[in-house]
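To start, the structure under review is shown below, and the notes come after it.
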């Protein structure tokens, strides 16, 4: 990536994170899922608008996602992550482990189901579904399958923000959607609406700076063929300066 492009990224991220009045906390591992629909003339991406009452990014359009839960390490999956995706998810970790990468992918699928009602996977009965959201997921008749999941980017929320996450942005094709539970999205829900937007137009929505940046990274990766072995961008702040490394 050019030096000018890296400067633009840093400027956008710094401007959004300027207000830092909260106690500093350690970022929580989290995952978010970008769902792409390739059925039309140009790819579309799914975004949800957050409720205006949220303290964190109210009213913004975002990808569904959230932090890893203990149950994500216990849920069944029909097929595993591709080994190269697993390796990229474990890059730059003190304790890399296949279980961690697997939990990241399952967290993205679970959070997508909880926030949108969309169950991604294959039609199969899960041999193991922990209590809570995963039990409700299994009741749809769908079991997660991780072989179609790719990894786009990683980003850590800067210090002294209201919430901090170490987020992995994953991507899946819309043909992985096997079921949609009704009544999940609405006026009083976490996401008040869902929109499918052409990838080229999504930046025109009210989206966080990191979402806009990740969309650009995804677009560039798609144009280059989405090779599993490609470098993945890693955004974080060090000593007040935003960095873009590669994994």
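Each row is one residue, and each column tells you yes or no for (1) in contact with a helix residue (DSSP H, G or I) (Cβ under 8 Å, 6 or more places away or on another chain); (2) surrounded by fewer than 18 Cβ atoms within 10 Å (Cβ to Cβ); (3) touching a residue at least 24 places away in the same chain (Cβ under 8 Å).
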{"position": "137", "(1), (2), (3)": "yes, no, yes"}
{"position": "143", "(1), (2), (3)": "no, no, yes"}
{"position": "162", "(1), (2), (3)": "no, yes, yes"}
{"position": "170", "(1), (2), (3)": "yes, no, yes"}
{"position": "184", "(1), (2), (3)": "yes, yes, yes"}
{"position": "191", "(1), (2), (3)": "yes, no, yes"}
{"position": "196", "(1), (2), (3)": "no, yes, yes"}
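Here's the yes/no breakdown for (1) out of contact with any strand residue (DSSP E or B) (no Cβ under 8 Å at 6 or more places or on another chain); (2) on the phi < 0 side of the Ramachandran plot; (3) not in a helix (DSSP H, G or I):
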| site | (1), (2), (3) |
| --- | --- |
| 76 | no, yes, yes |
| 87 | yes, yes, no |
| 92 | no, no, yes |
| 114 | no, yes, no |
| 126 | no, yes, yes |
| 129 | yes, yes, yes |
| 136 | yes, yes, no |
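Mind telling me which of the residues 55, 79 ends up being over 18 Å from the mean Cα position of the chain (by Cα), more than 21 Å from residue 197 (Cβ to Cβ) and at pLDDT 95 or above?
Working: 55 fails: at pLDDT 95 or above.
Checking each option against the conditions leaves just 79.
I'd like the residue in the stretch 138-175 that is touching a strand residue (DSSP E or B) at 6+ places or on another chain (Cβ under 8 Å), modelled with pLDDT of 95 or more and assigned to a loop (DSSP other than H, G, I, E, B) and, out of all such residues, is farthest from residue 57 (Cα to Cα).
Out of the qualifying residues, it is 141.
Can you find a residue in the stretch 224-239 that is part of a strand (DSSP E or B), surrounded by 14 or more Cβ atoms within 10 Å (Cβ to Cβ) and over 19 Å from the mean Cα position of the chain (by Cα)?
Checked the stretch 224-239: at least one residue is part of a strand (DSSP E or B), surrounded by 14 or more Cβ atoms within 10 Å (Cβ to Cβ) and over 19 Å from the mean Cα position of the chain (by Cα).
Restricting the search to the stretch 52-74, which residues are buried (at least 21 other Cβ atoms within 10 Å of the Cβ) and assigned to a loop (DSSP other than H, G, I, E, B)?
Once the filter is applied, which keeps residues that are buried (at least 21 other Cβ atoms within 10 Å of the Cβ) and assigned to a loop (DSSP other than H, G, I, E, B), the stretch 52-74 yields 63, 64, 68.
How many residues does the stretch 23-51 hold that are over 16 Å from residue 194 (Cβ atoms) and assigned to a loop (DSSP other than H, G, I, E, B)?
11
The values are calculated or read from the model by the stated rules, or taken from the named source; none is laboratory data. Just so you know, these numbers come straight off a predicted model, no measurement behind them. Every residue, glycine as well, gets a Cβ built from its backbone with ideal geometry; the counts of neighbours run over all protein chains shown.
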